[in-house]
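What follows is a set of notes on a single structure, which appears directly below.
The values are calculated or read from the model by the stated rules, or taken from the named source; none is laboratory data. The structure presented is a predicted model; accordingly, all values stated were derived computationally and were not measured. Quick reminder, even Gly has a Cβ in these numbers, built from the backbone with ideal geometry, and neighbours come from all protein chains shown.
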DNA sequence: GCCCTAGATGTCGAATCTGACATAAGATGC
DNA sequence: GCATCTTATGTCAGATTCGACATCTAGGGC
């Protein structure tokens, strides 16, 4: 799968403002990646605010440490559904989730 | 699957403000359903604004009429990912998606 | 009545996502 | 150095979601 690889590279780093142009991501693909990145960083932020390890969060979610790691890395193998469910489980509201999605996603801040 | 049935009933109607309590949905399950309902109605709204049929939208998405119908019905077999991708494909922005998620979801308006 | 269009619903094989496990890599304390 | 804790990454069998198709209902024009 071509798209998965591109997405993985994309999420892995470097692009700052708009996620387009690094490799030929269409606008919607880019937007989708940005949605996922926002959720991914929200998961990490909420977890660390609660001072939980990935393993603890995994248990709380009925999942595993590795899946949490993949969520936070916005791995292409994790669905938006899973990330949203995780945030809700950590006590986020629908509005919180929405704000995570619309927030800009700066990465690799210098 | 127990949960799926409840979710189907839930989405099918009647509940107005909070989706809790109709049957023992936990708070997060209820919130997740509300997220899906918001996206589902957004898909319908965007599609009809564009005066497209479900079949046309299905083709635009590389999918089918029946899947579009299920999306708009917030069928448990459709993922948030698919609904978000559909909205983005119809030209919605990340912020638009976020607002659909946080909007209240009145249904069956008298 | 019959046809046509739009939408709803059920089913199925294929594709994707999931939890679990193993294992590696980084960081910290000794 | 080496334990220990935490996070990252790869893999895989089982679960979920996918597009597609068939089928049904509702409505309108004739």
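Pick from A:46, A:56: which is within 14 Å of the chain's Cα centre (by Cα) and away from DNA strand C (no atom under 11 Å from the Cβ)?
A:46
Can you name the residue in region B:38-72 that is within 21 Å of residue B:105 (Cα to Cα) and near DNA strand D (Cβ under 10 Å from one of its atoms) and is also surrounded by the fewest Cβ atoms within 10 Å (Cβ to Cβ) among such residues?
Across region B:38-72, the extreme among qualifying residues is B:69.
Within 12 Å of chain B (Cβ to nearest Cβ), surrounded by 15 or more Cβ atoms within 10 Å (Cβ to Cβ) and either at pLDDT 95 or above or over 10 Å from residue A:43 (Cα atoms) (or both): which single residue out of A:76, A:104 fits that description?
After ruling out the rest, the residue left standing is A:76.
Can you find even one residue in region B:26-37 that is modelled with pLDDT under 95 and loosely packed, with under 14 Cβ neighbours inside 10 Å?
Yes; the residues of region B:26-37 include at least one that is modelled with pLDDT under 95 and loosely packed, with under 14 Cβ neighbours inside 10 Å.
Among the residues of region A:79-91, count how many are more than 12 Å from residue B:32 (Cα to Cα) and buried (at least 18 other Cβ atoms within 10 Å of the Cβ).
Matching residues across region A:79-91 total 1.
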